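**Q** Take a look at this one; I'll ask things after.
Readers should treat all values here as calculations from the given coordinates under stated rules, not as data from a laboratory. For clarity, every value in this text was computed on a predicted model and none was experimentally measured. Positions of Cβ are generated from backbone atoms using ideal geometry, with glycine treated the same way; all protein chains shown enter the neighbour counts.
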Amino acid sequence: MKTDKVDARILTQLLAADFLPGTWLPDERTRMLRRLSAHRAQLVRGCIQVKNQVQAVLHRNMLPRPPVTDLFGTRGRAWLAHQGLPADERETVTALLRQLDFYGAELARWSGAWPPRRSTTRLCGG
């Protein structure tokens, strides 16, 4: 006999004898929290990607290390605005900062539904 047939027969007998535990299915609240968690994680990944792209522009143009601890906060953005970037790179950074603001606003909207572990403001720099 093939092993699959033997295994199927044994599993059928175990199930009939009530020796196999049932499968747990999450309730609607748990499924909702999973969806919220996945969406929040996606927003956080978006923030990180945008920040990495801004850092890449700085490295590509060999700019010095920013004199601030949070490049995406108020003082960091002011520092960024005064850097001598080529026009295309300046436009890229401006667009990336708009994206970062969008992600930050979305995370702020979701913070009531899913409390963030870190401050949303600090995470997306706004």
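**Q** From the phi angles alone, apply the Karplus equation (6.51, -1.76, 1.60; θ = phi - 60°) to the stretch 91-104 and give each ³J(HN,Hα) in whole Hz, x where the residue is Gly or Pro.
**A** 5, 4, 5, 4, 5, 5, 5, 5, 4, 4, 4, 4, 4, x
**Q** For the pair residue 8/residue 89, report the inter-label distance in nm, with labels modelled 7 Å from Cα in the Cβ direction.
**A** It is 6.5 nm.
**Q** Give the order of 30, 69 when sorted by the count of other beta carbons within 10 angstrom, beginning with the fewest.
**A** In increasing order of surrounding Cβ atoms, one gets 69, 30.
**Q** Hey, can you rank 82-90, 98-106 by average C-beta count inside 10 Å, highest first?
**A** Most protected by this proxy first, the peptides run 98-106, 82-90.
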